[in-house]
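Enquirer: First, the structure itself, so that you have it in front of you.
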Amino acid sequence: MSKSTITYWNPLLPAEQHRWRWIEGLEGQVEELILSHDPSSGEITRLTRFLPGADTTPFGAKAHTFPEEIFIVSGRLHDAAFGIWLEAGHYASRPPGELHGPFRSDEGCVVLDVSFPQRNEEAHHLPCSGSVDSPRPSASDRNLPTAAP
């Protein structure tokens, strides 16, 4: 099986709000929208939206056994593990085991997150100034839009 696909659409439009789902334990603070998912490998591409005032401190910092990539689309997010504010344009390619979070956002933030759960082999690490993550999504490709005819 391979990752789900879809032709062009804009998940940030207000008309697409119904596709976003609250992340369990962070209701009213952080929501996700699954963009693409491969049920076989677990690879997932999603948007994570931190609302103004969101704070994941109760979840603490975390590290994963697999690599992931993140890109800050808009807003800003504080990563306590690195002690920095991440703003639109920040990118990280995190190796397995890299500690990140907890996170908080004063003005809100949208993060593009690509996770590779089956790629838990040793990864190459390039120097960078920080990284970001949010709680893991559920393993389903719910909320994927259907292709236009």
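Enquirer: Kindly indicate whether ARG21 is surrounded by 15 or more Cβ atoms within 10 Å (Cβ to Cβ), closer than 16 Å to PRO102 by Cα and at pLDDT 90 or above.
Expert: No; evaluated as a whole, the condition is false for this residue.
Enquirer: From the list SER74, SER40, which residue is without any contact (Cβ under 8 Å) to a residue 40 or more places away in the chain and part of a loop (DSSP other than H, G, I, E, B)?
Expert: Sole residue among the options that is without any contact (Cβ under 8 Å) to a residue 40 or more places away in the chain and part of a loop (DSSP other than H, G, I, E, B): SER40.
Enquirer: Of everything in region 77-92, what is within 19 Å of VAL30 (Cα to Cα), open to solvent by less than 60 Å² (accessible area, probe 1.4 Å) and outside any loop (DSSP other than H, G, I, E, B)? Give them in sequence order.
Expert: Correct list: LEU77, HIS78, ASP79, LEU86.
Enquirer: Another question, if that's okay. Which number in (1) of a type in the set (D, E, K, R); (2) open to solvent by 60 Å² or more (accessible area, probe 1.4 Å); (3) modelled with pLDDT under 95 marks the one condition that ARG104 misses?
Expert: Only one criterion in (1) of a type in the set (D, E, K, R); (2) open to solvent by 60 Å² or more (accessible area, probe 1.4 Å); (3) modelled with pLDDT under 95 is unmet by ARG104, namely (3).
Enquirer: Would you check which residues across region 63-73 are touching a strand residue (DSSP E or B) at 6+ places or on another chain (Cβ under 9 Å) and open to solvent by 50 Å² or more (accessible area, probe 1.4 Å) and list them?
Expert: ALA63, GLU69, PHE71, VAL73 - these are the residues of region 63-73 that are touching a strand residue (DSSP E or B) at 6+ places or on another chain (Cβ under 9 Å) and open to solvent by 50 Å² or more (accessible area, probe 1.4 Å).
Enquirer: Within the group ASN120, ASN143, which residue is assigned to a loop (DSSP other than H, G, I, E, B) and either modelled with pLDDT of 95 or more or within 23 Å of LEU12 (Cβ to Cβ) (or both)?
Expert: Of the residues listed, the single one that is assigned to a loop (DSSP other than H, G, I, E, B) and either modelled with pLDDT of 95 or more or within 23 Å of LEU12 (Cβ to Cβ) (or both) is ASN143.
Enquirer: Then there's this: Looking at (1) of a type outside the set (D, E, K, R); (2) in contact with a strand residue (DSSP E or B) (Cβ under 6 Å, 6 or more places away or on another chain); (3) open to solvent by less than 60 Å² (accessible area, probe 1.4 Å); (4) under 23 Å from LEU99 (Cβ atoms), which is the one condition that is false for LEU33?
Expert: (4)
Enquirer: Then there's this: Restricting the first residue to region 13-27 and requiring it to be touching a residue at least 12 places away in the same chain (Cβ under 8 Å), which pairs with a second residue that is in a helix (DSSP H, G or I) and open to solvent by less than 100 Å² (accessible area, probe 1.4 Å) meet a Cβ separation below 9 Å and a spacing of at least six or different chains?
Expert: Close Cβ pairs satisfying both conditions: GLY25/PHE59; LEU26/PHE59.
Enquirer: Scan region 43-55 for residues that are open to solvent by 20 Å² or more (accessible area, probe 1.4 Å), of a type outside the set (Val, Ile, Thr) and not in a loop (DSSP other than H, G, I, E, B) and jot them down.
Expert: Result: ARG49, ASP55.
The values are calculated or read from the model by the stated rules, or taken from the named source; none is laboratory data. Predicted, not measured: the structure shown is a model, and the values here were computed from it. Neighbour counts are summed over all protein chains in view; Cβ atoms, including those assigned to glycine, are modelled from backbone coordinates with ideal geometry. All accessible areas refer to the heavy atoms of the entire protein, side chains included, with ligands and DNA or RNA removed. Shrake-Rupley method; radii C 1.70, N 1.55, O 1.52, S 1.80 Å.
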